[in-house]
Amino acid sequence: MFNPDIYRHDFPILSQQIYGKPLVYFDNAATTQKPLCVVEKIKSGYLEQNANIHRGVHFLSERATEAHEAARQKVQQFINANSSNEIVFTRGTTEAINLVAFSFGETFCKADDEIIVTEMEHHSNIVPWQMMCERKGAILKVVHFDDNGVLNIEELRSLLNEKTKLVAIAQVSNTLGTINPVKEIATIAHQYGAKVLIDGAQSIPHIKVDVQSIDADFFVFSAHKIYGPTGIGVLYGKETLLEKMQPYQGGGEMIQKVTFEKTTYNELPFKFEAGTPDFIGSTALAEALNYVEKIGMANIAEHEHQLLCYAQEKLSAIEKMRFFGNSPKKSGVLSFLVGNIHPYDMGSILDKLGIAVRTGHHCAQPVMDHFGIEGTVRASFSFYNTKEEIDILYNGILRAQKMFKN
Ligand code: PMP
């Protein structure tokens, strides 16, 4: 039996009191808390190992370079990429998607080509594609979901054709919690010669990811969603594609030779890493990946599933409770509204009780439009959460209901 209490000691922030109440942190889909080992890694990185990487011949620089490249290999192993050349460090999911939208778009897309996204995407997996389509005269198509939050795969099939260049899809929706069948989607897309980008921001902390098994062409995620630091993320791309794609940004590190007449570019993955990378962040990300691996992704998934089932059952007993996202395959995300209580009001009252939830459109306005609502309250779970915390949430919602006579 998984015991979250064993791990809560690794997260000092969780033992804080908020307004005199124990903190209940249910905003894990926005960002996760950091274990001591990750914070210690950042600290020792700056205190013992800080020197700019790659070009230095001195001891500290070589040690920092080795640690950064070892972190790249850790990421490669964690998502089972074929080569560390396929791992590009970015600022996060958003930058990784923008990189692909620009570089893939410039290299492979022309007027009238088509890109497919879904109705449940985060804005960061919509807007970069819109910008690319505008630049290239390409067309953005949308796959919709049903009222349970399940994607319409038949619609996807009907949209695909020889003009489709890429399908961009979240593995897990940050708002509905839906786990999408990305492997099946990749197979279907590939039948039409389309490439697939998988937004793994919400799947990487919860599900064991194997990019080769999914056959993802691109897979992106942010370190801060998987107990790592902010400001760093990952783009995985198949080497054959990355090789052909033109660079995203120009600058130091991404070049082989610069003259005023002509510049040649560095090999992978450095071609896509202009400027000084976050070489402290990369080692802290590797530490976070080691940490979750020690706990075991299967244990994490199982415990979070238990929390989700418990929360769904408990909260569904509340009068006028509406859940948004009832897919049979669902991650630990619960979006809800109670009667006419505005999500912001609910969130503010829960906050005064020490419960951190997120309110609003969750950067997924098309999802809100689907249901004709402005926003939801979202509780999102981590392996360090407990059933007792869900009981506290339940009581908090009842209290808000009483206050609003709703
Ligand atoms: N996609 C999804 C599904 C997300 O949940 C998020 C973060 N909320 C992002 C993309 C963007 O991630 P970041 O802000 O770390 O770049």
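The values are calculated or read from the model by the stated rules, or taken from the named source; none is laboratory data. Bear in mind the structure is a predicted one, so any value in this text is a computation, not a measurement. Neighbour counts are summed over all protein chains in view; Cβ atoms, including those assigned to glycine, are modelled from backbone coordinates with ideal geometry.
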So, first residue under 9 Å from GLU389 (Cβ atoms) in segment 20-32, second residue of a type in the set (Val, Ile, Thr), Cβ within less than 6 Å, six or more apart or across chains; the pairs are VAL24/ILE355; VAL24/ILE392; PHE26/VAL357
Selection from segment 241-267 of residues aromatic (Phe, Trp, Tyr) and surrounded by 12 or more Cβ atoms within 10 Å (Cβ to Cβ) yields TYR248, TYR265
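The rows are residues; the columns are (1) among the basic types (Lys, Arg); (2) more than 16 Å from TYR310 (Cα to Cα); (3) buried (at least 23 other Cβ atoms within 10 Å of the Cβ).
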| site | (1), (2), (3) |
| --- | --- |
| LYS329 | yes, no, no |
| LEU334 | no, no, yes |
| GLY339 | no, yes, no |
| LEU353 | no, yes, no |
| THR359 | no, yes, no |
| CYS363 | no, yes, no |
| ASP391 | no, no, no |
Inspect segment 15-23 for any residue being modelled with pLDDT of 95 or more and crowded, with 19+ Cβ neighbours inside 10 Å and give the result as yes or no.
no
From the option list THR178, THR276, THR164, single residue qualifying as more than 29 Å from GLU114 (Cβ to Cβ) and of a type in the set (S, T, N, Q) is THR276
The helices (runs of 4 or more DSSP H) lying wholly within segment 1-95 that contain at least 2 residues that are under 30 Å from LEU393 (Cα atoms) are 5-8, 36-48
Could we say that GLN76 is surrounded by fewer than 20 Cβ atoms within 10 Å (Cβ to Cβ) and within 16 Å of the ligand (Cβ to nearest atom) here?
no
| said: Looking at the structure I just gave you, is LEU156 in contact with a strand residue (DSSP E or B) (Cβ under 7 Å, 6 or more places away or on another chain), surrounded by 15 or more Cβ atoms within 10 Å (Cβ to Cβ) and assigned to a strand (DSSP E or B)? | reply: no
Only one of LYS110, LYS183, LYS141 is assigned to a loop (DSSP other than H, G, I, E, B) and more than 13 Å from the ligand (Cβ to nearest atom), namely LYS110
Considering residues that are surrounded by fewer than 23 Cβ atoms within 10 Å (Cβ to Cβ) and within 17 Å of PHE218 (Cβ to Cβ), the number found within segment 171-183 is 1
Screening THR386, THR359 for residues that are free of Cβ contacts under 8 Å to residues at least 40 places away in the same chain and hydroxyl-bearing (Ser, Thr, Tyr) leaves only THR359
Flagged pairs (Cβ under 6 angstrom, 6 or more apart or on separate chains; first in segment 72-94, at positive phi; second among the hydroxyl-bearing types (Ser, Thr, Tyr)) are GLY92/SER222
Of the residues in segment 139-188, those that are out of contact with any Lys or Arg (no Cβ under 7 Å at 6 or more places or on another chain) and of a type in the set (Gly, Ala, Ser) come to GLY149, SER158, ALA168, ALA170, SER173, ALA186
- prompt: Does GLY325 qualify as being of a type in the set (Gly, Ala, Ser), surrounded by 16 or more Cβ atoms within 10 Å (Cβ to Cβ), under 30 Å from VAL150 (Cβ atoms) and modelled with pLDDT of 95 or more?
  reply: yes
Scanning segment 189-208 for residues that are within 22 Å of ALA364 (Cβ to Cβ), not in a loop (DSSP other than H, G, I, E, B) and not hydrophobic (A, V, I, L, M, F, W, C) gives ASP199
Taking segment 80-107 and keeping residues away from the ligand (no atom under 11 Å from the Cβ) and more than 19 Å from LYS244 (Cα to Cα) leaves ASN80
Note on segment 226-240: residues among the aromatic types (Phe, Trp, Tyr) and surrounded by fewer than 22 Cβ atoms within 10 Å (Cβ to Cβ) are none
Note on LYS257: of the conditions (1) within 19 Å of the chain's Cα centre (by Cα); (2) at negative phi, unmet is (1)
